[in-house]
Amino acid sequence: MAERRNTKISERKRPQQLRSSELVSAILQAATQVLEQEGATRFTTARVAERAGVSIGSLYQYFPNKAAILFRLQSEEWQRTGNLLAAILSNNTVSPRQRLHDLTLAFLQSECEEAAMRTALNDAAPLYRDAPEVQEARAAGDNVISDFLLELLPQSNEDDRARAADLINSTLGNVGKHFSESPRTPAEIQAYAQEMAQMFCAWIREKGADLQ
C-alpha cells in the first residue's frame with residue numbers, strides 16, 4: 001500500500017474488441033477474488049495477473065497500476081449502487097415515504113451481502129480517493145438523491161439540495177458500513193431500515209415536504 005496518493009488511476013485504454021474485453025473482464029474478476037481473499041494490503045498487480053492467468057505486461061496494457069484496478073472496482077460498485085437508488089427513487093407510482101423505506105432496505109441489504117468486498121475497497125481508498133476521477137464517479141449517486149429532493153422540495157435551491165443529498169448519502173454510507181460489520185438477520189435489516197427511513201422522513205418533512 002505504499003503507492004503515493006494522486007497516482008494515475010485512469011485506465012490506459014478501453015478494450016475495443018471482444019478478445020480485449022474478455023481480457024479486461026478476466027483481470028477484474030481476478031482482482032475481485034484477490035481483494036476479497038487477500039485484502040487491500042496484499043493486493044498487487046502481480047497477484048492479479050497470476051490469478052487471471054495473464055502476463056503482467058498484458059495487465060499493464062489496460063491498467064497502469066493497482067490503484068487503477070481498485071478504482072475501476074470501486075467505480076463499478078458506485079455505479080451499481082447509483083442504479084439501484086435511481087430505480088427506487090424515480091418510481092413515482094410509489095409514495096415518497098415508501099421509496100425512502102425501500103431505499104434504506106435495499107442499501108442495507110446490499111451492504112451486508114457485499115461487506116467483505118466493500119471493507120477491502122474502503123481500506124484501499126487512500127490509493128485513489130484524492131484523484132479528480134473519484135468526484136466524477138461519486139456524483140451519480142448524489143444526483144439521484146438530489147433529483148428526488150427536487151421532486152419533494154421544488155422550492156429549495158440547488159445548493160441546499162446538493163448539501164442535503166450529500167448528508168443523506170453520507171449517512172447511508174457510514175451507517176451501512178458500521179451496520180454491516182457484524183452478521184445481520186433479515187429481521188434486523190428490516191428493522192434498521194425502517195428506523196432510518198423514519199429518520200429521513202422526519203428530517204425532510206421539517207424542510208416542508210409532503211411525504212404522503
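The values are calculated or read from the model by the stated rules, or taken from the named source; none is laboratory data. Predicted, not measured: the structure shown is a model, and the values here were computed from it. Cβ placement follows ideal geometry from the backbone for every residue including glycine, while neighbour counts extend to all protein chains displayed. Only protein heavy atoms, including side chains, enter the accessible area calculation; ligands, DNA and RNA are left aside. Shrake-Rupley method; radii C 1.70, N 1.55, O 1.52, S 1.80 Å.
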- At least 18 Å along the helix axis (C-alpha) and Kyte average at least 0.0, DSSP helices within the chain: 18-38, 66-89, 132-152
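Leaving ligands, DNA and RNA out of it, report the carbon-plus-sulfur percent of the accessible area of the chain at a 1.4 Å probe.
47 percent
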- THR44 versus ASP147, label points 7 Å from Cα toward the beta carbon: distance in nm? 4.4 nm
- Distance in Å, no decimals, from the C-alpha centre of region 75-130 to the one of region 41-73 is 26 Å
- Rounded accessible area per residue of region 38-117, 1.4 Å, Å²: 43 Å²
- Using just the helices of the chain, give the 222 nm mean residue ellipticity in deg cm²/dmol: DSSP H runs with n ≥ 4 each add -39,500 (n - 2.57), and the total is spread over all residues, rounded to 500. -24000 deg cm²/dmol
- Query: What's the extension gain from GLU158 to ASP123 if we count 0.36 nm per residue and subtract their Cα-Cα distance?
  - Reply: 9.3 nm
- Note on the structure: Semi-axes (Å, rounded, descending) of the ellipsoid equivalent to the chain per its C-alpha gyration tensor are 36, 19, 15
- Message: Can you order the peptides 192-200, 120-128 by their average number of other Cβ atoms within 10 Å per residue, highest first?
- Response: 120-128, 192-200
- Query: Going by the alpha-carbon gyration tensor, a ≥ b ≥ c the square roots of its eigenvalues, is region 172-212 rounded (a/c under 1.5) or, if a/c is not under 1.5, prolate (a/b greater than b/c) versus oblate?
  - Reply: oblate
